[in-house]
There are 2 protein chains.
Amino acid sequence: MSRGADPGGRGGAGATRASAAAPRAGILVTGTEVLTGIISDRNGPWLSERLHDLGVDTATIQIVGDRPADLRAALHAMREAGMALIVTSGGLGPTADDLTAEVVGQFCGRQMVLDAALEARIGEILERLTARWPNLDPDAVRESNRKQALIPEGATILDPVGTAPGLVVPQAHGDGPTVVVLPGPPRELQAMWEAARATEAFSAAIAGATSYEREIVRLFGIPESEIASTLRVAEQEGLDLDPLEITTCLRRGEIEVATRFFPADRQAYDALLDLIRRRHPETLFSQDGSTIDDLLAGLLRGHTLAVAESCTAGGLASRLTDPPGASEYLLGGAVVYSNDAKADLAGVDPALIERHGAVSTEVAQALAHGIAERFGAELGIGITGIAGPGGGTAEKPVGLVCLSVWMRGEPPRTLTRRTRLPGGRADVRDRSVTVAMHMLRRVLLGESDAAA
Amino acid sequence: MSRGADPGGRGGAGATRASAAAPRAGILVTGTEVLTGIISDRNGPWLSERLHDLGVDTATIQIVGDRPADLRAALHAMREAGMALIVTSGGLGPTADDLTAEVVGQFCGRQMVLDAALEARIGEILERLTARWPNLDPDAVRESNRKQALIPEGATILDPVGTAPGLVVPQAHGDGPTVVVLPGPPRELQAMWEAARATEAFSAAIAGATSYEREIVRLFGIPESEIASTLRVAEQEGLDLDPLEITTCLRRGEIEVATRFFPADRQAYDALLDLIRRRHPETLFSQDGSTIDDLLAGLLRGHTLAVAESCTAGGLASRLTDPPGASEYLLGGAVVYSNDAKADLAGVDPALIERHGAVSTEVAQALAHGIAERFGAELGIGITGIAGPGGGTAEKPVGLVCLSVWMRGEPPRTLTRRTRLPGGRADVRDRSVTVAMHMLRRVLLGESDAAA
């Protein structure tokens, strides 16, 4: 769902604002493997968001294969459509079908020249890389990569992140779009973005754009429609939402509300944020864009934790240890699919499993407490559920998950939940991890069920 | 990297074939929420694969927002580029910014007319839908949806899956692309595809296309450049690669080689496959497109397994349990970050850690054997490494990972590796899991290091 003005001049609503018309940009993704669906494009959407933040209006994202004629036609159509900037991704590799630099050079009226310093730089990089593969012929590798040092004369070079350099290429003669040429691998493209943005040619191309501010808040535990209804209330209460571009979306069970506005309109945003705070005090967990992962990495410092997972089978431990330094607080965990493992590794009384079944709040509690004791940790988490597709019964259907958090103290804190999660096996497993993380946050903030 | 002929007439190489030139198609995805990256487009790649299998050459996928001028410009550019077929998705809803049908009608030289039968059909659908939302005004809903019964005169209607009908619209006058107009929600679009394909106008537009066959093989443990060199050898040995369209890509450390060809050219593919088999007997692990996950799910049936993970911290257990039914063979596992946990849960002798360090082949072996014993499993896997960004030393740098697989038997099989993986924390963790899965496959197929 997306609502509200688009201050960038996309619709009519923002037309009264200072910035009458934002510069337009086109994104051109190349690569037969992207075009044929073998790899799905992540660069187009990522670049689109970055450009939008800069106040640039992305008018199109186009994917073409490794065919110079198609690449050329797309560039020309974007020029026709009045783009001030074109950002390309891909086609910078060492093989013959990697043609972007050359086609862009032509498009901008520039000859290709060998940049000696760049060639040396790529040589160094390759030397390090080929060391890993002792059987390769380094000369052959270097030869095929010399191609990557051939650049349009007068282009600004962006230092390679992998082996391919990026380029910023303004038109040599007269008007027309400046082309930013970036490599295809998302990691390399993203790492190179700031350098591209910092070039003079880039700034000149988007001169006159007004950068947006962007704020993100996150909520957990309500449906998306509740946010829609809050926005209706906002209008009834007379809040001025016109200068705000508000987008809500559901991500892994959490609601993300992203709002873009011009710096002068911060007051309108603050009023909206205040309303969200008042209407959703329980479910609003992040007001500055932090994810639950970020928040936990902060909250867990100085504590120790162990996890016992059945249906998520390592998914929680793995996600908790994504951030660097997680080994400071996560002592470890156990994947306890079988009942024997629940008893042996997490000290769950087999009689308890017998009485309540492996998927029960009682066993989740015993797992949480047992794994904390086992590792001598301050906190323990237990998850047990039915991820499906098999194993469900009328009484305990697929999607039923029991979770518990235990925290040492006098008295200990505990939070235990029995929930029914929607979707297939992957959804249930993923969502269970998210629920556990939110429960852990609540316990760390002092919450506890009435009586342990 | 992509090479070879494109039997579809992309390059010159396939020109000698019976089917001189495949019809070209463009895919046009509309919607501001897709363009701004809020929703990622799934329709473009899906349609591209379907078209490719029909022998139609998708030359471009383009995303534009809900602006008629941009939509029109994209249609005209595709006509210029010689497309025989254009497939659009999105912009068929009831609101004012849903303009695809009208813009396409104009583009094809056709007037918009109200189709009474279609209006009645949409009316019925809406009656059912609005019953679920008692607060809606059904008249207002019906009014705003009458728009969806306005279609270009002479278009073929595709029955609605949601509320929006699809359309197949040939040019009214003279040459030019036929346009297939489909709704944006992937479920509706996919359900409507067969009906679109079955229309006379669709068949006429792609007359002369020959459907491809597609084969995929996967390799692990060599760089992508080795495949490039095998393709060079193929040509030196006189193999006819011209009729093959070969695309190689790197996915999570594995190399995927996808080849498309006309049925008549299977012999050329078989010769290539034979060469790959001969040159890469050790690293070719899948000849039928199966992933390592698929293969292990098959190979592990009838066995039992337990895992002890340090740096991957549950990532291996989690990935092994993605497929349904994994609880049959994975008994469980332990996340053993701390040395205490390595000793307590996986039975590693603390003196061994003292002597060799926690990241060592010796400790990996002890983890593999110890966790198998602990769970009474037939197979055990141990992973210990330095995922970074901190914790590296000159002797044991970030990216160093030691892995071991142990399998019960007389004598037991073991496979142990010490490897240095590239990239950041996430890459090292992800790649470690992949390496472990391939080692597990080798052991299940009978491989073992010389002496345990």
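Some observations on this one:
- Selected residue [of a type in the set (Lys, Arg), at pLDDT 90 or above and surrounded by fewer than 19 Cβ atoms within 10 Å (Cβ to Cβ)] from B:Arg197, B:Arg187, B:Arg142, B:Arg128: B:Arg197
- Residue satisfying all of: in the stretch A:240-253; buried (at least 18 other Cβ atoms within 10 Å of the Cβ) and modelled with pLDDT of 90 or more; nearest to the other protein chains (Cβ to nearest Cβ) among these: A:Leu244
- Residue, farthest from B:Glu237 (Cα to Cα), within the stretch B:258-276, restricted to residues that are of a type in the set (A, V, I, L, M) and more than 14 Å from every other protein chain (Cβ to nearest Cβ): B:Ala264
- Selection of the stretch A:274-289 for residues being part of a loop (DSSP other than H, G, I, E, B) and without any contact (Cβ under 8 Å) to a residue 60 or more places away in the chain yields only A:Pro281.
- Restricting the stretch A:26-54 to residues that are touching a Gly at 6+ places or on another chain (Cβ under 6 Å) and among the small types (Gly, Ala, Ser), the residue that is nearest to the other protein chains (Cβ to nearest Cβ): A:Ser48
- Output for the stretch B:39-63, where each listed residue is aliphatic (A, V, I, L, M) and either at pLDDT 95 or above or assigned by TED's automatic domain parsing to the domain that holds B:Thr247 (or both): B:Leu47, B:Ile61, B:Ile63
- Members of the stretch A:422-452 found to be free of Cβ contacts under 8 Å to residues at least 24 places away in the same chain and more than 18 Å from A:Val335 (Cβ to Cβ), listed by number: A:Pro422, A:Asp427, A:Ala450, A:Ala451
- The number of residues in the stretch B:213-226 that are without any contact (Cβ under 8 Å) to a residue 60 or more places away in the chain and out of contact with any helix residue (DSSP H, G or I) (no Cβ under 8 Å at 6 or more places or on another chain) comes to 2.
- When the stretch A:77-91 is filtered for residues that are more than 10 Å from chain B (Cβ to nearest Cβ) and either surrounded by 23 or more Cβ atoms within 10 Å (Cβ to Cβ) or among the hydroxyl-bearing types (Ser, Thr, Tyr) (or both), the ones remaining, listed by number, are A:Met83, A:Leu85, A:Ile86, A:Val87, A:Thr88, A:Ser89, A:Gly90, A:Gly91.
- Of the strands (runs of 3 or more DSSP E) lying entirely inside the stretch B:158-267, the ones with 1 or more residues being among the acidic types (Asp, Glu) are found at B:213-220, B:245-251, B:254-261.
- Failed condition for A:Gly314, given (1) in contact with a His (Cβ under 6 Å, 6 or more places away or on another chain); (2) at positive phi: (1)
- Considering only residues in the stretch B:58-73 that are of a type in the set (D, E, K, R) and out of contact with any Leu (no Cβ under 8 Å at 6 or more places or on another chain), the one that is surrounded by the fewest Cβ atoms within 10 Å (Cβ to Cβ) turns out to be B:Arg72.
- Taking each residue of the stretch A:72-96 that is closer than 13 Å to B:His76 by Cβ and looking for partners that are among the aliphatic types (A, V, I, L, M) with beta-carbon atoms closer than 6 Å, six or more apart or interchain, yields A:Ala73/B:Ala81; A:Ala77/B:Ala77; A:Ala81/B:Ala73.
- As for the stretch A:333-347, it holds no residue that is of a type in the set (Phe, Trp, Tyr), over 19 Å from B:Gly333 (Cβ atoms) and within 14 Å of chain B (Cβ to nearest Cβ).
- Test result for B:Glu354, farther than 23 Å from A:Glu309 by Cβ, of a type outside the set (Ser, Thr, Tyr), more than 23 Å from the chain's Cα centre (by Cα) and more than 9 Å from every other protein chain (Cβ to nearest Cβ): yes
Residue-wise test of (1) out of contact with any Leu (no Cβ under 6 Å at 6 or more places or on another chain); (2) among the charged types (D, E, K, R).
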residue: B:Gly154; (1), (2): yes, no
residue: B:Pro170; (1), (2): yes, no
residue: B:Gly176; (1), (2): yes, no
residue: B:Val181; (1), (2): no, no
residue: B:Arg187; (1), (2): yes, yes
residue: B:Met192; (1), (2): no, no
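- Among the conditions (1) surrounded by fewer than 20 Cβ atoms within 10 Å (Cβ to Cβ); (2) in contact with a Ser or Thr (Cβ under 9 Å, 6 or more places away or on another chain), B:Asp288 misses just one, which is (2).
- Per-region count, the stretch A:294-303, residues surrounded by 19 or more Cβ atoms within 10 Å (Cβ to Cβ) and either facing chain B (nearest Cβ under 7 Å) or assigned to a loop (DSSP other than H, G, I, E, B) (or both): 1
- The criterion of at least 2 residues that are touching a residue at least 24 places away in the same chain (Cβ under 8 Å) and surrounded by 17 or more Cβ atoms within 10 Å (Cβ to Cβ) is met, among helices (runs of 4 or more DSSP H) falling completely within the stretch B:304-405, by B:315-320, B:339-346, B:361-375.
- Filtering the stretch A:382-427 to residues that are among the hydrophobic types (A, V, I, L, M, F, W, C) and touching a Pro at 6+ places or on another chain (Cβ under 8 Å) leaves A:Ile386, A:Val398, A:Trp406.
- Flag if B:Ile292 is under 30 Å from B:Arg425 (Cα atoms), free of Cβ contacts under 8 Å to residues at least 40 places away in the same chain and in contact with a strand residue (DSSP E or B) (Cβ under 9 Å, 6 or more places away or on another chain): no
To keep it simple, each residue is scored yes or no on (1) surrounded by fewer than 22 Cβ atoms within 10 Å (Cβ to Cβ); (2) modelled with pLDDT of 90 or more; (3) over 32 Å from the mean Cα position of the chain (by Cα).
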{"residue": "A:Gly37", "(1), (2), (3)": "yes, no, no"}
{"residue": "A:Leu75", "(1), (2), (3)": "no, yes, no"}
{"residue": "A:Gly93", "(1), (2), (3)": "no, no, no"}
{"residue": "A:Thr100", "(1), (2), (3)": "no, yes, no"}
{"residue": "A:Gly105", "(1), (2), (3)": "no, yes, yes"}
{"residue": "A:Asp115", "(1), (2), (3)": "yes, yes, yes"}
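The values are calculated or read from the model by the stated rules, or taken from the named source; none is laboratory data. Small disclaimer: the values here were computed from a predicted structure and weren't measured. A quick note on method: Cβ atoms are made from the backbone with ideal geometry, for glycine too, and the neighbour counts reach across all protein chains shown.
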